[in-house]
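Take a look at the structure set out below.
The values are calculated or read from the model by the stated rules, or taken from the named source; none is laboratory data. Model, not experiment: these values are computed from the prediction. A quick note on method: Cβ atoms are made from the backbone with ideal geometry, for glycine too, and the neighbour counts reach across all protein chains shown.
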Amino acid sequence: MIRKTRLFTPGPTPLLPAAQFAMAAADIHHRTPEFRAMYTRVLAQLKEFVGTKNDVIILSSSGTGAMEASVSNLTSPGDRVLVLTAGKFGERWTALAKAFGCEVDVVSAPYGQTFSLDQIKAALKLETRVVFMQSSETSTGVRHCVPAVAELLKDTHSEALLVVDAITGLGTTHLDMDALGVDVLIGGSQKAVMIPPGLSYLAVSQRAWDRMEASYNPRYYFDLRKERKNAKLGESAYTPAVALIAALAAALDWIAAQADGDLAAGRKKLIENAETVSAMTRAAVQALGMTLFAPDAPSAAATAVLPPVGVDSGVIVKELKSRFGAIITNGQGEMKGQIFRIAHLGFFDFMDTIAIIGALEQVVAKSLPSPGFAFGNGLIAAQKVFAERSAAAAAESPCLCGRTDACCSLKHADVGASATLVGAK
């Protein structure tokens, strides 16, 4: 049989065809009226995409560049900051803050879990200048509750800025920056907006802009004030990734087109799609006898799965690639060999999900010890989830799991609400 390579990774994600065509046609200079018009339009669209009236900055870098820019622009050596971490990307916040001379307090949770509000409240200090966190910890498949953390900072009258790495959270979680009171919200190009790696973007509150004037960590290429000044003229401070910006324009247009030109509504559909296919995947892997690594706070960006006892997760990763051309990801760092991850953000749909579940059944049948295995178990479980969610959506039900709080992940009955989930009621 032929094999067609398909990405099921949480970044890079599958590319939107319209974005690929836009990149191929992006033969324009970045100091021309044509580029300025496109750049200005993309910046305006990004505001709508993240739910803000504040300025958005685009950087020609991976998401880590935007993370570094957040630290360097908002802190000074000796500042006390709080990092909320439960995985590799949370640990990156800690490393970045230390690199710029900050005094770092850490609230941590075991891999596969999230932190509680009580932990965060106990760690906050009067002198805490910034709180750094993820919306979605892709290394473990966990979703953290940004609304609850934002509300806690308001309730405690903290002066700390809230900086959120939403690189895999945007397009998979309902995040309206201004409504929540987030000060910096970070996104990346190779995730839900379905274009290649190379761009990151930051939406920045007025409080954060004001803080930059009083911070004195070194910055040059990542000086956000410089980018803001140039953006008002429709330009970037330095040579931009022109083709990627053209691709981003096409991708945002496509998302808006899913809701008759309403970008905010299109973003909602993108999120609902990720919620549905992630719920299908969670149900399927459990029906195949495997265990979720993050059952209490699952992300809609990627599902992390524990293989059967005694099985290296690399076996599953390698077989899916060699037999079916399906690319999923192993665990990172010390989690390598212990979990595998299947992505759902961006250009994935029902058909893609059914395909990866069917391929996974073939791998289980051939290589994994599972006494109760039968072909179709995973597919049936996924089909039931899709049917139930489709019926709930048609009836405009707020949630299948009965929760209505801001951190409801629209989980299905396969995953119950957890008392440890930040914001759980």
Arg3 fails exactly one of (1) touching a Phe, Trp or Tyr at 6+ places or on another chain (Cβ under 8 Å); (2) at pLDDT 95 or above, namely (2)
Looking at (1) more than 30 Å from Gly51 (Cβ to Cβ); (2) part of a loop (DSSP other than H, G, I, E, B); (3) free of Cβ contacts under 8 Å to residues at least 40 places away in the same chain, can you tell me which one Val311 breaks?
(3)
Out of (1) buried (at least 16 other Cβ atoms within 10 Å of the Cβ); (2) at pLDDT below 95, the one Gln383 does not meet is (2)
Can you go through Arg129, Arg207 and tell me which one is assigned to a strand (DSSP E or B) and over 17 Å from the mean Cα position of the chain (by Cα)?
Arg129
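Can you name the residue in the range 49-93 that is of a type in the set (Gly, Ala, Ser) and closer than 17 Å to Met177 by Cβ and is also surrounded by the fewest Cβ atoms within 10 Å (Cβ to Cβ) among such residues? Outline the logic, then answer.
The first filter runs over the range 49-93 and keeps only residues of a type in the set (Gly, Ala, Ser), leaving 51, 60-63, 65-66, 69-70, 72, 76, 78, 86-87, 90.
If we keep only those that are closer than 17 Å to Met177 by Cβ as well, we get 51, 63, 66, 69-70.
Details: Gly51: 19, Gly63: 26, Ala66: 26, Ala69: 25, Ser70: 28.
If we take residues in the range 49-93 being of a type in the set (Gly, Ala, Ser) and closer than 17 Å to Met177 by Cβ, then Gly51 is surrounded by the fewest Cβ atoms within 10 Å (Cβ to Cβ).
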What do you reckon, is Lys88 at pLDDT 95 or above and either touching a Gly at 6+ places or on another chain (Cβ under 7 Å) or among the hydroxyl-bearing types (Ser, Thr, Tyr) (or both)?
yes
Every residue in the range 110-142 that is buried (at least 21 other Cβ atoms within 10 Å of the Cβ) and under 25 Å from Leu74 (Cα atoms), please.
Phe115, Arg129, Val130, Val131, Phe132, Met133, Gln134, Ser135, Ser136, Glu137, Thr138
Residue ranges of strands (runs of 3 or more DSSP E) in the range 44-118 with at least 2 members farther than 18 Å from Ser236 by Cβ
80-85, 103-108
Across the range 216-244, what is the number of residues that are among the polar types (S, T, N, Q) and buried (at least 18 other Cβ atoms within 10 Å of the Cβ)?
1
Quick one: in the range 302-334, of everything that is within 26 Å of the chain's Cα centre (by Cα) and among the hydroxyl-bearing types (Ser, Thr, Tyr), which residue is farthest from Glu91 (Cα to Cα)?
Ser313
Single condition Pro17 does not satisfy, out of (1) without any contact (Cβ under 8 Å) to a residue 24 or more places away in the chain; (2) surrounded by 15 or more Cβ atoms within 10 Å (Cβ to Cβ)
(2)
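Among Gly101, Gly188, which is the only one that is touching a strand residue (DSSP E or B) at 6+ places or on another chain (Cβ under 7 Å), in contact (Cβ under 8 Å) with a residue 40 or more places away in the chain and not aliphatic (A, V, I, L, M)? Lay out the reasoning, then the answer.
Values: Gly101 fails: touching a strand residue (DSSP E or B) at 6+ places or on another chain (Cβ under 7 Å).
After ruling out the rest, the residue left standing is Gly188.
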Of all residues in the range 191-215, which are closer than 25 Å to Trp254 by Cα and surrounded by fewer than 24 Cβ atoms within 10 Å (Cβ to Cβ)?
Pro196, Pro197, Gly198
I want to confirm something. Restricting to the range 158-184 and keeping residues that are under 11 Å from the mean Cα position of the chain (by Cα) and in a strand (DSSP E or B), which single residue is farthest from Asp349 (Cα to Cα)?
Val164
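Within the range 323-375, track down each residue that is assigned to a loop (DSSP other than H, G, I, E, B), small (Gly, Ala, Ser) and buried (at least 20 other Cβ atoms within 10 Å of the Cβ).
Gly331, Gly346
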Looking only at the range 65-92, which residues are touching a Leu at 6+ places or on another chain (Cβ under 9 Å) and under 22 Å from Phe293 (Cα atoms)?
Gly90
Close pairs from the range 284-295: first under 14 Å from Ser139 (Cα atoms), partner aliphatic (A, V, I, L, M) and part of a strand (DSSP E or B), Cβ under 8 Å, at least 6 apart:
Leu292/Ala304; Leu292/Val305; Leu292/Leu306; Phe293/Ala304; Phe293/Val305; Phe293/Leu306; Ala294/Val142; Ala294/Ala304
Where a residue in the range 245-271 is more than 20 Å from Ser62 (Cβ to Cβ) and crowded, with 23+ Cβ neighbours inside 10 Å and its partner, wherever it lies, is at pLDDT 95 or above and among the aromatic types (Phe, Trp, Tyr), with Cβ under 6 Å and at least six apart
Arg267/Phe49
Given the criterion crowded, with 24+ Cβ neighbours inside 10 Å and in a helix (DSSP H, G or I), identify the matching residue among Val317, Val285.
Val285
